[in-house]
Amino acid sequence: MNIENELKIAKTAALKAGSLLLNKKNILTKAVFTSRRDIKLEADICSENLIKEIICSKSSYPILAEESGKSQENLDSIYWVVDPLDGTANYARGLPLCCVSIALMSKKEPLLGVVYDFNSKDLYEGHVKGDAKLNNNLIKVSDINNSSSGILVTGLPNKTDYSDKALLRMVKDFQQWRKVRMIGSAAIASCYVASAKADVY
């Protein structure tokens, strides 16, 4: 495998999907599914279709995508994972914390990853044989090693336990941190840790 070439494919797909999501937002915010705690938009589907089209035209590896599932019944040991719009609820409401997230996996271990925060034009990238970068500049995690000085980024997934006992346990954990942030995008939160904007996700 030429991992640099696969990374280039992922970056191309992420940038083009991000451009689509940014420039066509006025026609992509129609909901195709809603539940009490989740929403899916036309944007999720259109972004995914574009990413799959680009990857399929340039790469031989199958795809596991959030909206359409597996591109073939049995995934190979190496396969793409695509989240075409992480932070859909934010996107729908005009909150600029959402992104395109693409990874190449080998037996559930990441080989490379690309996250494109298209509102900020921030492209995060990394692979197992190279450095992590933000817009071609090297990044690294923070040197903070205690919660009382750190920033915790977290979220409440769809299946979160909202019982009094679970929420009390969560609040007690929050009290250990200098600051706690909920931004609504797991991929961006992870990148904030990778680039020292936060300390733990």
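Could you list, in their original order, any pairs among LYS30/LYS159; LYS30/LYS140; LYS24/LYS172; LYS52/LYS129; LYS11/LYS172 whose Cα atoms are separated by more than 31 Å?
The answer is LYS30/LYS140; LYS24/LYS172; LYS11/LYS172.
Find the Cα radius of gyration of segment 36-140, compare it with 2.2 N^0.38 Å by division, and give the number to two decimals.
1.11
To the nearest 10 square angstrom, what accessible area does ILE78 show with a 1.4 Å probe?
Probe radius 1.4 Å; accessible area of ILE78 about 40 Å².
Counting only protein heavy atoms and a 1.4 Å probe, tell me what percentage of the chain's accessible area is made up of carbon and sulfur.
The C+S portion of the solvent-accessible surface of the chain is 50 percent.
On the full set of protein chains, 1.4 Å probe, figure out the accessible area of LEU95 and give it in Å² to the nearest 10.
Accessible area, nearest 10 Å²: 90 Å².
Kindly report the accessible area of segment 1-100 per residue (heavy atoms of protein chains, probe 1.4 Å, no ligands, DNA or RNA), in Å².
I get 53 Å² per residue for segment 1-100.
When the label point is put 7 Å from the Cα of CYS56 along its Cα-to-beta-carbon vector, which residues of segment 6-41 have a backbone N closer than 17 Å?
Counting only backbone N, you get 10, 13-14, 17.
Please give the contour-minus-distance gain from SER19 to LYS133: 0.36 nm per residue of separation, less the Cα-Cα distance, rounded to one decimal in nm.
Stretched fully, the SER19-LYS133 segment lengthens by 39.0 nm.
Under a plain spin-label model, where a point goes 7 Å from the Cα along Cα-to-Cβ, how far apart in nm are LYS121 and THR29?
2.3 nm
Between ASP38 and LYS107, what is the label-to-label distance in nm when each label sits 7 Å out along the Cα-to-Cβ direction?
3.0 nm
Find how many whole Å separate the alpha carbon centroid of segment 45-75 from the alpha carbon centroid of segment 117-173.
Cα centroid to Cα centroid, the span is 26 Å.
For ALA196, which sequence-distant residues (separation of 5 or more, or a different chain) have an amide H within less than 5 Å of its own amide H, given hydrogens modelled in the peptide plane?
SER142
The values are calculated or read from the model by the stated rules, or taken from the named source; none is laboratory data. Keep in mind that this is a model prediction, so the values were computed, not measured. When we count neighbours, we look across all protein chains shown, and the Cβ atoms used for this are built from the backbone with ideal geometry, even at glycine. Side chains are part of the model used for accessible areas, which takes the heavy atoms of the whole protein and leaves out ligands, DNA and RNA. Shrake-Rupley method; radii C 1.70, N 1.55, O 1.52, S 1.80 Å.
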